[in-house]
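One structure is given here, and the rest of the page talks about it.
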Amino acid sequence: MKYVMTAIITATLSANAFAHEGAEGVIKERMDRFKENKEAMKAIKGNLTGDAAVIAQKASEIEAWANEMVNFFPEGSNQSPSEALPAI
């Protein structure tokens, strides 16, 4: 069982690493910013009963990204490796 779990974790980490492979310019920057946003959400979740200052800081980071996000989806920036839908 230990080996199966190790294989699953390794495969998951590898898939995440390949998601950004080949990304350049605004697409890579956008992917990186979404990853940072995900980490901010984890930090908030991990501090719900702890440090309110961390929550406030991470919430500010998420708000800033939300306000800038529209600039990271210029026309034609939905090609691979982007997963953005054409409707965006």
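Points worth noting:
- Within the shell of other residues whose beta carbon sits under 11 angstrom from the beta carbon of Asp32, the net charge comes to +2, with Lys and Arg scored +1 and Asp and Glu -1.
- Proximal charge balance of Ile55 [Cβ under 15 Å; K/R count +1, D/E count -1]: -1
- Residue (of Gln79, Gly50, Ala66) at the positive-pole extreme of segment 43-85, dipole from beta-carbon charges: Gly50
- Other residues whose C-beta falls under 15 angstrom from the C-beta of Ser82 contribute a net charge of -2, scoring Lys and Arg +1 and Asp and Glu -1.
Readers should treat all values here as calculations from the given coordinates under stated rules, not as data from a laboratory. What you see is a predicted model; the values in this text were computed from it and never measured. Here the Cβ is made from the backbone with ideal geometry for all residues, glycine too, and neighbour counts use every protein chain on show.
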